[in-house]
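This report concerns only the one structure given below.
The values are calculated or read from the model by the stated rules, or taken from the named source; none is laboratory data. Just so it is clear, the model here is predicted, and its values are computed rather than measured. Reconstructed Cβ throughout: ideal geometry from the backbone, glycine too, with neighbour counts over all protein chains shown. The accessibility values were calculated without ligands, DNA or RNA, using every heavy atom of the protein model including side chains. Shrake-Rupley method; radii C 1.70, N 1.55, O 1.52, S 1.80 Å.
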Amino acid sequence: MTQSARLYFEDVELGDEIGPAIVTVADDQVVDFCSLWGNPAPNRFTDQEQAEKVGLSEPIVPGIMSMALVSRVLTDWAGAGTVEDLDLVFRGTIPHNQPLHVGFQISDTDQDESGNHIQCDITMTGPVPDRPYIIGTARLNLPSRG
Amino acid sequence: MPTQIDYEYDHSLYGVEHESGPFQVTKEIIDVYASSVGEDNPIFTDASAARAAGFGDQVAPPTLCALFERGELPDIKLQFGRRQFHGGQRVEPRAAIVAGDTLTASSHLKDVYTKTGRTGTMVHVVWETTFRNQDGIVVADVQRSQVVRE
């Protein structure tokens, strides 16, 4: 992909911690997302009663929407067109209207003929940092100043 | 080779591709997707900016194709559990998806495996989907892990 990144490979070092970025998902954002996804409201993601029917205490953010949020935070940081691989595990239900903390740590860097790659460990947490909603990894391809 | 597990399911699904689509990637879909997740990079919101950056049209954020990935897939007839949730997702963008593209998807059962933790046994059902555009170019590979628990 064509790069439009604002971050260069040389700007990043192994072990760097990025963030956390704080994002919040409002009710109407989830409704909009679900309408695209072919899962229009009301459903367990948008409606209290529907959520309780499936054993949830409240409506939750869909997994693929939380992935889109992580992707957005990555591209906010590194630039569009840099994400090569995003691999997430959904470990907890994500509430609406609560601050979500998305952080990265650089776990590997390498350069080869295919580009300038960095690997990040990812977490998304709520108010309790040691109980992540999401863990995962991302691989990005950054431009080089060289 | 699929992982061996103790629970019955339909192994004949391995090696079978399930086609779905076409999925039209419109400017409206990209706009709503971008706004719903707060994506404001101009290449995802403005066709002129995307063209100036070398793309053919307004670009879809890299995980947008996962919207189309939940198409109808076969029931694997797993003889375990009743409750399901979305356990994980992997997206590997291969090429830009832009407004006006028409995607098709080819999905297959990748693996079914178990994990046992504090809350008991969970079975992970992993589907892998390859998206191609109207020119036959692979634009993304997506894996979805659905978890079934007791």
Query raised in the report: So, how do all the Cα-to-Cα distances of the stretch A:3-125 break down into 10 Å bins, in percent, from 0 on up?
Result: 12, 39, 28, 16, 6, 0
Query raised in the report: Given a 1.4 Å probe and the protein chains all in place, what does the accessible area of B:Y9 round to, in Å² to the nearest 10?
Result: 20
Query raised in the report: How far is it, in nm, from the label point at B:Q84 to the one at A:I22 when both lie 7 Å from their Cα along the line to the Cβ?
Result: 3.8
Report summary line: Here the relative contact order (percent) of chain A, from C-alpha pairs under 8 Å and at least 6 apart, is 31
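Once you have the Cα-Cα distance between B:R51 and B:E72, take 0.36 nm times their residue separation minus that, and quote the gain in nm to one decimal.
On the way: separation 21, 0.36 × 21 = 7.56 nm, distance 3.45 nm.
Length gained between B:R51 and B:E72: 4.1 nm.
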Report task. Name the residues whose placed amide hydrogens come within less than 5 Å of the amide hydrogen of A:F90, ignoring near sequence neighbours (fewer than 5 apart) on the same chain. Result -> B:G88, B:Q89
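For chain B, the longest stretch holding no trypsin sites (Lys or Arg not before Pro) located in a DSSP loop with at most 12 other Cβ atoms within 10 Å is which?
B:1-76
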Report summary line: Residue by residue through the stretch B:122-131, the couplings from Karplus 6.51 cos²θ - 1.76 cosθ + 1.60 with θ = phi - 60°, in Hz, x for Gly and Pro, are 10, 9, 9, 10, 10, 10, 10, 10, 10, 9
Query raised in the report: Among residues other than B:G81 whose Cβ falls under 14 Å from its Cβ, what is the net charge (Lys/Arg +1, Asp/Glu -1)?
Result: +1
Requested in this report: Quick one: which residues, 5 or more positions from B:T121 or on another chain, have an amide H under 5 Å from its amide H? H modelled 1.01 Å from N in the peptide plane, none for Pro or chain starts.
Outcome: B:E150
Query raised in the report: Rounded to the nearest 500 deg cm²/dmol, what is the calculated helix-only ellipticity per residue at 222 nm for chain B, with -39500 (n - 2.57) per DSSP H run of length n ≥ 4?
Result: -3000 deg cm²/dmol
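Taking the Cβ of B:T26 as the center, what net charge do the other residues with Cβ under 14 Å away carry, scoring Lys and Arg +1 and Asp and Glu -1? The partial results should precede the final answer.
On the way: positive: B:K27; negative: B:E28, B:D31, B:D57, B:D101.
With Lys, Arg at +1 and Asp, Glu at -1, the net is -3.
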Query - Normalised contact order of the stretch B:45-150, rounded percent, pairs of Cα under 8 Å and 6 or more residues apart - result: 30
Query raised in the report: Once a ≥ b ≥ c are taken as the square roots of the eigenvalues of the Cα gyration tensor of the protein assembly as shown, is the result rounded (a/c under 1.5), prolate (a/b larger than b/c) or oblate (a/b not larger than b/c)?
Result: rounded
Report summary line: In degrees, nearest 10, the alpha-carbon axis of helix B:27-36 is tilted away from the dominant principal axis of the alpha carbons of chain B by 70
Query - Degrees separating the helix A:27-36 axis from the principal Cα axis of chain A, which is the longest one - result: 80
Report task. Compute the FRET efficiency between A:Y8 and B:I137 as 1/(1 + (r/R0)^6), taking r as their Cβ-Cβ distance and R0 = 35 Å, and round to the nearest 0.05. Result -> 0.80
**Report entry** Of all DSSP beta bridges in the stretch A:3-140, antiparallel share, percent nearest 5
**Finding:** 100
Report summary line: Total charge of the residues flanking A:Q50 in space, meaning their Cβ is under 14 Å from its Cβ, with Lys and Arg +1 and Asp and Glu -1, is -3
Query raised in the report: For the stretch B:5-85, what's the relative contact order in percent, using C-alpha pairs closer than 8 Å and at least 6 residues apart?
Result: 37
Requested in this report: Just tell me which aspartates and glutamates come within less than 13 Å, Cα to Cα, of B:K115; anything on the same chain fewer than 8 places away is out.
Outcome: B:D6, B:E150
Query raised in the report: Nearest 10 degrees, 0 to 90: what angle lies between the long axis of helix A:63-78 and the longest principal axis of chain A (Cα atoms)?
Result: 30
**Report entry** Under-5 Å amide H pairs with A:L100, H placed in peptide plane, nonlocal only
**Finding:** A:V23, A:T24
Requested in this report: Quickly work out the B:V16-to-B:T116 label distance, labels modelled 7 Å from Cα along the C-beta direction, and quote it in nm with one decimal.
Outcome: 3.1
Requested in this report: Using R₀ = 22 Å, calculate the FRET efficiency as 1/(1 + (r/R₀)^6) where r is the Cβ-Cβ separation of A:D47 and A:Q98; round to 0.05.
Outcome: 0.80
